[in-house]
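See structure below.
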Amino acid sequence: MVATSSFLALVAFVLLGQPAYAQIDTGLEQLKQIGLGTADLRVAIMQIVRVLLGFVGFLAILIVLYGGFVWMTSAGNPERIERAKAILRNAAIGLVIILMAFSIASFIIAVLTGSFGFGGGPAGPPGRPPFEDGQLGSGIIESVYPLPNDTDVPRGISILVTFKVSIDPSSVITDTNGNDTLGDCTASGCDKLKADSVYIYKSDNSKTRPRKDAALAADQVAVRVGNDNRTFTFDPVEFLGDGVHDIGYEVYLTKDILKDNGRPAFEGVRPYFWWWFEVGTFLDLDPVEVSSVFPVPDNQGDVYQPVVGTAATAVFTVTKSPQPKREASVGAVTAEGGAPAATVGGAYGCQIDALVCLTVNAGGTFTVTPKSAGGSCSGGTVVGGSGLFAQPTLAGGVLPIGCGLNLQFSADPQPGNQWHFPVSAATQSDTLQVADKTYTFVPSGTTPGSDEIELAATVSRTTVSIATKINDDIQNPDLNASARGIGGNIPITITSTILGEAGDFTVTATDLAGPWISLPILTPGTNSSLAAQVQGVEDVARNAVIKISFNEPVDISQVNPNTVKIEYDNAGSWTAVNGRFMYSNQFKTVEFLADSRCGVCSGGANDGQPCGDDTQCGGSSCNLVTNSCGDAIYCLPVLPNVAGQQYDATKYRVTIKAGVLQACTIGNCEDATYSFCTDTPSGSGLVCANEDPYVLNDSYFYPATQPPANGIIDASNNSFNGDQSTYTLSGTVIGNAEGPKMQSGQDPYNLNSKDAQAQGDDLIWSFFVNKQLDLSPPQVTSIGPAIKSTAVDLSIPLEAAFDELLMGGTLKPGSNYRDGQCWCNEAADCPDASSPSNPTQNYECIQHKCTSTAGVEQFYCSRDDQCKVGPTKVSNRATCFNRKYVSLLDYSTFPVGWWVTHRDLENPPFDTFADYTKVFLNHTPFGAATLYGSELGSGIKDVYQNCYLPSSSTDGAGGGCSGSPYCCNGAPLNRAGWVASVCFSGY
C-alpha cells in the first residue's frame, strides 16, 4: 500500500499575451510594395479619433489649471471667485465627456482588433464569425470535432461532441430504427437526430443563431453514441458543402439537451454551445491507421526468479520515562511553630507544582509565596506565574488563595504564624502512536486502561512494558515488538507481520516534558517480487492500461468489446477481459481499463498472490492497492504462479477489427476512381473498386463503410487500414482499405510478425503481463511557454512534457466531471441508504475520501449535494472533491475555448516504441495583453494509473516542487500558501 500523505497536487504557470502578428494578411504585401499602409481603415480612423480626444483632454486640463489660477489670484474678489468656479465646473463637465468618448473609442478599437477579448482573440477574416465561449474546456464540453474555426474540413465528415458528464440520449436521439436502443445502427438504418436538440447549418456570418430554417432536417442527420453516453457522433446523411466552394458551417447545441439526471446540460446566461468551421471541396478517402500502441508487441515472456519480500521495521530507544497522565493533588497543611491547625479545600486548577508557603504579617494580612516543589519555605526558589493570590483576604473564616483553593483555621491566625503544603498540577500524558494505535502512560501503581501503559521504576523496565504492550495488542497492520539488550538504554524493535508495502506503519511520539524517545529508524517493507531476465521486450505490470493511438479521429461510437477485443491466455483458452474503454486526444486515442481492483493476498497459502477481492485468497485477506492520491488502481487479470513451478507471465492479445466496406450494386459506384462494383476476395459481396476483378494487394476499394460498420472507422466513415498498405491516387499516397477478414479473406495484420502481403486490415498484437505492480508516479520534465513569459504568440498551445507515458483518459480539460469522491473523516460520513445517490454503505475512509471496499462499485460525485453530512463532519456542508486535470487559467473578460491533446514520443535510441508523453493545451486565440496560465492537477495519471504530484517532480524542471503538495510558478507551497497565491483557482 502506498504510504504517501499528499493527495492533491497542482502546478501552474502564467504567461502574458502580446498582440500576434501571424494573422490573415491577404493583399497586404502589395500595399507594402507600393508604399501604402497596411492597417485596417476602421482601426486607423478610430486611432485618429483617439489621438484627437487625447489632445482635447490635454486642453481641458489646461483649462482646469487656468480656473485654479483665477481663484488663487482673486484676492477675495467675489466676482473673480464666481468666475473661477464657473471655469472649473465647465472644465470638469467637459473632461467627463472627453473621458467617456475616449473610453468608447478605445472599446471600439479593441473590438475591431479583437484584443478586447470577444472570444479571446481576433475576429478573424471576413466570412468567419467570432468565437465566443464558456462551455468548451471550462464548461460541460470536453472536446468537439471539427475544431472551432477549423478550415479545409473534408465534406464527408461526421461531427463529434464529447460532454464531461453522461447525457440523456433520448434528449438528442430519436429511435428511428425501432430497436429500443438509442444511438445505434442496424440493417434497417441508423437512429436520427431529435428535433430542436442540435442544429447544423450553413453560416451566413450573421449574429442570428441558431438559423433553424437553414438547419439540416432531423431525419438528415444520423446519430450514434459511445458506450458511456458522453460522446455523440452526428453524421449528415448527405455530404456537407458543394464540392466547388469552401463553405462555413455552424453547429448549435441547444438547451433541450439534458444530462442523465434530467438537469439541462447548458445552464446559466448562455444555455447553449455553438462553433464554426469551414468545409472544403474534397472528400477524405484515406482510412484511419494505428500510430502507436501500449503495451508494445512482445513475442516472448521474461524469465523470472522469485524475490521474497521484507517486512517493515522500526527501531527506537526510550531515553527517559515519558510524562504520565496525572490528576491534580493537594497535600496536607503543615503548621509551623505555634500556628493553629489549618485545612485546605477545593480542587487545584493551576499548572505548576509548588510548595505553598503562607505567612500572617504584623498588620494581620496574609502573604502567599509559592516555592519550588520539593524545597522549603526558608530556602526554596520563588515560583512565578503560579496563579495564587499574593495577598489573600480572610472572609468569614475562609481564606481563598486562588487556583480553586481555600484554607480554614482551627483558631484565629496571629501575626507571625506560618503554614505550608505541596500542590501538584494535573498533567497530560505523552503519547506513542504505533500504526493505528495511540498509547498514553500512567504512573507506577496505577491500573492501566486498554490503550495505557504503566510506567515502571526504571527506564529499562518501562521500555520492556512498552514493547510488551505493542506486541500483545492487535494493530493494523499487526505488529511484533521486542526489547532486548544488555545495560544502558534498551532498543525496541517492531516488525510488521505483513510482508511488503501493505505492512508499512509509522511510529510517532509527543514529548510534553522534553524528549523521551530517540528518533525512530523506519525501514519500509518491500513487496515480494520477481527478478526478470528480459526476453526481447520487458513484460508490463498488471496495473497497465492498454492504449491505442490513431493517426486521425475515429468514430468513438464504434469502439466496443466486439471491435476492440482484449483477451488473455487462460490455460490455453483465450478469455475476454471485463473493463471499460476511454477516449481522449481529440478522438485519436482509445484506452482500455480493466474493472478488477489490484490487490495482494496477505498470509496463508496464497500469500503474495495477485487478487481483486478476498475470495481469491483462499481464506486470507486481499490487501487492495491505491496510488499516492488514494485512488483505486485496477489490474489486468494474471495467472497465479504455482508453488514449486517456474513463474510465467500471462500472455495477452488485442484485436482491432476493420469496419465493413460499403456494399454496392452494379451501376451505383458513383466515384469515378472506384467505378467498378466487384466481388471481394472472400466472395462475401460486392464493393466499389478501381477495377474488376479485384486483385489482392494490387487493386483498391472505395474506403467508405456501411452502417452498421461493426469495426473501427474514422470521422469520415472510412474503414481501418490495419496493415497500412498504400496506393497512389492523383500523385497522393493514401491508405488502402481492404475491409475485415470477412471481406478481404486475410488474417489480421500481426504487429508481432508483420506481413502486409499475406495479412489484412484487422490488426492484432500480443504482449505479456506479469503479476507485479508499477507504483512510480510521473514527473514533469519541461513546460512551455516558460513561467511568466511575455510576448507570447496568441495561438501557441501550452505544453508540458512528462518522463513517461501518460493515461490519455486523464489528459482532459479542467474539472466538472463525475469523478469526485465525498469528504469523510470516517466511513460513517460516506453516502449510505439515507442518500439517494448511492443505496449501499460499503466504504472505508482513505485520506478523507470515501473509497469503496472490495467488490463494491465506487460511487463518484460531481456536486456537493450528492454527498452526505456525516456525524463527524466539521461543517454542516457536504463536500465533493472533484479531480483536476489540465486546466487553463483564464483571466480575460471573455473566456476562450480550449481542449487538450497529447503525443506519445520516443527517446533516443529510437526503436519505434513511444517512451514519454507531451501534453498540449490548445485554445482559440488569446486576448492581447491578458494574463493566462495553466494548471496540472493530480487527476493526471500515467499508464499504470499513478497520479501526478509536484512533490515527486524534479525541482528546476519548470513544473516540480519536490516535497510540497502545491506548486505555483515553480514555488513550493503548503495549503495556506496555495490558497493565497495567484495560481489558486477555487480549490
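The values are calculated or read from the model by the stated rules, or taken from the named source; none is laboratory data. Not measured: the values here are computed from a predicted model. Virtual Cβ from ideal backbone geometry, glycine too; neighbours counted across all protein chains shown.
Return yes when Pro813 is within 26 Å of Trp899 (Cβ to Cβ) and touching a strand residue (DSSP E or B) at 6+ places or on another chain (Cβ under 8 Å) and no when it is not. So Pro813 fits the description; yes. Condition first: out of contact with any strand residue (DSSP E or B) (no Cβ under 6 Å at 6 or more places or on another chain) and farther than 30 Å from Ile492 by Cβ. Can you find one or more residues in region 318-330 that meet it? Looking through region 318-330, at least one residue is out of contact with any strand residue (DSSP E or B) (no Cβ under 6 Å at 6 or more places or on another chain) and farther than 30 Å from Ile492 by Cβ. As a summary of the residue check, Thr810 satisfies the conditions (1) over 20 Å from the mean Cα position of the chain (by Cα); (2) modelled with pLDDT of 95 or more; (3) not hydrophobic (A, V, I, L, M, F, W, C) except for the one numbered (1). Answer yes or no as to whether Thr495 is modelled with pLDDT of 95 or more and of a type outside the set (A, V, I, L, M, F, W, C). Yes, satisfied. Among strands (runs of 3 or more DSSP E) entirely within region 277-386, having at least 3 residues that are over 30 Å from Leu522 (Cα atoms) and either at pLDDT 95 or above or outside the structural domain of Val638 (by TED's automatic domain parsing) (or both) singles out 290-294, 334-336, 342-345, 354-360, 366-372.
Residues in region 931-967 that are more than 16 Å from the chain's Cα centre (by Cα) and either at pLDDT 80 or above or in a strand (DSSP E or B) (or both) were compared, and the one that is surrounded by the fewest Cβ atoms within 10 Å (Cβ to Cβ) is Leu931. Here Asp762, Asp755, Asp774, Asp793 are screened, and the one residue that is in contact with a Gly (Cβ under 6 Å, 6 or more places away or on another chain) and not hydrophobic (A, V, I, L, M, F, W, C) is Asp762.
Filtered by the rule that a residue be part of a strand (DSSP E or B) and of a type in the set (Val, Ile, Thr), region 773-829 gives Val780, Thr781, Ile783, Thr790, Val792.
Inspection of region 609-618 finds a residue satisfying the criterion of being touching a Pro at 6+ places or on another chain (Cβ under 9 Å), at pLDDT below 90, buried (at least 20 other Cβ atoms within 10 Å of the Cβ) and within 30 Å of Pro477 (Cβ to Cβ).
Scanning region 553-571 for residues that are under 25 Å from Leu805 (Cα atoms) and not in a loop (DSSP other than H, G, I, E, B) returns Val554, Ile556, Val564, Lys565, Ile566, Glu567, Tyr568. Only one entry in Val318, Val290 is β-branched (Val, Ile, Thr), over 30 Å from Gly503 (Cβ atoms) and surrounded by 15 or more Cβ atoms within 10 Å (Cβ to Cβ), namely Val290.
Within region 143-185, the set of residues being within 21 Å of Ala715 (Cβ to Cβ), hydroxyl-bearing (Ser, Thr, Tyr) and either part of a loop (DSSP other than H, G, I, E, B) or over 30 Å from the mean Cα position of the chain (by Cα) (or both) comprises Thr151, Ser158. Kindly provide the set of residues from region 641-659 that are in contact with a Phe, Trp or Tyr (Cβ under 9 Å, 6 or more places away or on another chain) and over 20 Å from Phe294 (Cα atoms), ordered by number. Result: Asn641, Gln646, Tyr647, Asp648, Gly659.
When region 50-74 is filtered for residues that are surrounded by 16 or more Cβ atoms within 10 Å (Cβ to Cβ) and modelled with pLDDT under 75, the ones remaining, listed by number, are Arg50, Leu53.
Selection over region 506-546 of residues that are within 29 Å of Pro637 (Cα to Cα) and either touching a strand residue (DSSP E or B) at 6+ places or on another chain (Cβ under 8 Å) or of a type in the set (Asp, Glu) (or both) gives a count of 21.
In this entry, Val251 is excluded by the filter for residues that are closer than 26 Å to Gly189 by Cα, hydrophobic (A, V, I, L, M, F, W, C) and touching a helix residue (DSSP H, G or I) at 6+ places or on another chain (Cβ under 9 Å). Just one of the listed residues (Asp191, Asp204, Asp184, Asp150) is acidic (Asp, Glu), crowded, with 17+ Cβ neighbours inside 10 Å and farther than 30 Å from Tyr860 by Cα, and it is Asp191.
Sub-7 Å Cβ pairs linking a first residue in region 882-902 that is farther than 29 Å from Asn946 by Cβ to a second residue that is of a type in the set (Asp, Glu), at least 6 apart or interchain, are Phe894/Glu132; Pro895/Asp133; Val896/Asp133; Val896/Asp890; Gly897/Asp133, ordered by first then second residue.
Going through (1) among the polar types (S, T, N, Q); (2) surrounded by 13 or more Cβ atoms within 10 Å (Cβ to Cβ); (3) farther than 30 Å from Gly503 by Cβ one by one, Gln414 falls short only on (2). Counting only strands (runs of 3 or more DSSP E) that sit wholly inside region 572-666, those with at least 3 residues that are hydroxyl-bearing (Ser, Thr, Tyr) are 650-656.
Only one entry of Thr381, Thr369 meets the criterion of being closer than 30 Å to Thr462 by Cβ and either without any contact (Cβ under 8 Å) to a residue 24 or more places away in the chain or of a type in the set (Ser, Thr, Tyr) (or both), and that entry is Thr381.
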